[in-house]
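The values are calculated or read from the model by the stated rules, or taken from the named source; none is laboratory data. All values reported here derive from a predicted model rather than from experimental measurement. Neighbour counts are summed over all protein chains in view; Cβ atoms, including those assigned to glycine, are modelled from backbone coordinates with ideal geometry. With ligands, DNA and RNA removed, areas are computed over all heavy atoms of the protein, side chains included. Shrake-Rupley method; radii C 1.70, N 1.55, O 1.52, S 1.80 Å.
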Amino acid sequence: MALSSFDIDAPRWDQSTFMGRLKHFFNITDCRTAVLPDSRLDEAKALVESCRAGSVPPGTTEEQLHYAKKLYDSAFHPDTGDRMNIIGRMSFQVPGGMAITGCMLQFYRTVPAVVFWQWVNQSFNALVNYTNRNAASPITPKQIGVAYITATSTALATAVGLNLYTKKAPPLVARWVPFAAVASANCVNIPMMRQQEILNGIAVTDENGNKLGHSQKAAVKGITQVVISRITMAAPGMIILPIIMQRLEKYKFMQRITFLHGPIQVMMVGAFLIFMVPAACSLFPQRCSMSVSKLEPELRDSIVSRYGNSVQQVYFNKGL
């Protein structure tokens with residue numbers, strides 16, 4: 001195949017299957033790409049854009065094109081093509097998430113520690129949610145601030161309230177408080193950060209990418225899937241790891257190295273996240289679809305009047 005006709009935007013793996021999406025997200029959430037300099041990412045973007053224009057530089061191999069697309073997908077927003085901030089990229093989820101989650105699981109006993117690490121986590125989540133929003137729906141600084149304060153308050157109220165409530169509960173229950181706080185905050189943080197999509201709808205297209213209108217129901221479906229994915233991403237590490245640590249701490253060698261419990265939990269969380277970040281992102285297709293019959297009556301009638309029954313499904317970017 002001549003590389004001048006290479007379709008760099010064609011999925012390398014079948015996105016209609018979970019395994020295909022898993023391979024894709026293992027590829028673009030590779031944390032090694034997060035440490036590459038901006039100059040290298042810009043080179044990858046230039047190569048991707050050259051390929052899209054049908055002018056692949058002489059001597060370029062297909063593997064180089066695949067790697068350039070990997071870097072492009074990991075660092076540039078799918079809607080705008082702008083380079084995303086490093087902390088908000090999915091490729092930074094493993095190093096960022098393992099450090100913060102490990103500390104939340106380690107420092108859960110005192111209220112000041114709970115407050116601090118939940119604040120750090122929600123600040124991190126807010127930046128990730130903003131970075132990976134559907135960029136076709138702009139959000140104002142005031143709305144970002146309200147979303148951040150609301151989500152952080154929810155996390156703190158849940159964490160502190162449960163922390164106090166579980167003082168007399170079995171030790172393991174107290175270890176699960178950080179997950180309860182994270183899950184409840186995700187249910188608030190993501191919808192609030194992407195409220196414009198819910199209020200005004202997101203752009204929906206036909207299978208060929210032709211814009212059909214804006215749908216609030218599509219936005220709700222996409223955001224709901226993102227919330228489920230984010231909770232799933234955190235669940236194994238934050239539910240299973242406390243059980244492992246509680247059992248390990250009964251051994252004398254662990255009691256002698258209490259100063260290493262934090263680093264140990266950080267590394268173990270990392271082991272979970274290396275798999276769970278791509279797995280959670282793969283739960284639902286990135287290019288989400290919805291039946292025309294389930295859209296708002298006005299949009300549905302508009303599509304039917306223009307295209308009859310030839311358009312049965314609409315498509316949209318659900319974000320991450």
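Quick one: work out Rg over Rh on the C-alpha atoms of the chain, Rh as Kirkwood radius. Before the final figure, lay out the partial values.
Details: Rg = 21.8 Å, Rh = 21.3 Å.
Answer for the chain: 1.02.
Distance check, please: which entries in Lys211/Lys294; Lys23/Lys294; Lys23/Lys70 exceed 22 angstrom between their Cα atoms? Numbers along the way, then the final one.
Values: Lys211/Lys294 17 Å; Lys23/Lys294 31 Å; Lys23/Lys70 12 Å.
In this structure, Lys23/Lys294 lie more than 22 Å apart at Cα.
Determine which residues of the stretch 60-78 fall in the zone a paramagnetic label at Glu43 would reach in this model, i.e. backbone nitrogen under 12 Å from the point 7 Å along Cα→Cβ.
Flagged as within label range: 68.
Using +1 at the Cβ of each Lys and Arg and -1 at the Cβ of each Asp and Glu in the chain, identify which of Met90, Tyr165, Cys281 lies farthest towards the dipole's positive end.
Tyr165
Which chymotrypsin sites (Phe, Trp or Tyr not before Pro) does the stretch 245-320 hold that lie in a coil by DSSP with at most 14 other beta carbons within 10 Å?
Tyr251
What relative contact order, as a whole-number percentage, does the stretch 3-83 give when Cα pairs under 8 Å and 6 or more residues apart are counted?
In percent, rounded to a whole number, it is 38.
Considering only protein heavy atoms and a probe of 1.4 Å, how much of the accessible area of the chain is carbon and sulfur, as a whole percent? Please report the intermediate quantities before stating the final value.
Details: 9660 of 15280 Å².
Heavy-atom surface of the chain belonging to carbon and sulfur, 1.4 Å probe: 63 percent.
I'd like to know which of Val35, Leu22, His66 lies farthest towards the positive end of the charge dipole of the stretch 1-70, counting +1 on Cβ of Lys and Arg and -1 on Cβ of Asp and Glu.
Leu22
Near Lys168, which lysines are there with a Cα under 24 Å away, not counting those fewer than 8 places off in the same chain?
Excluding near neighbours in sequence, the set is Lys250.
So what is the accessible area of the chain per residue, in Å², with the probe set to 1.4 Å?
Using a 1.4 Å probe on heavy atoms only, each residue of the chain averages 48 Å².
Using +1 on the beta carbon of Lys and Arg, -1 on that of Asp and Glu, and nothing else charged, what's the dipole of the stretch 90-285 about the Cα centre, debye to 20?
About 620 debye.
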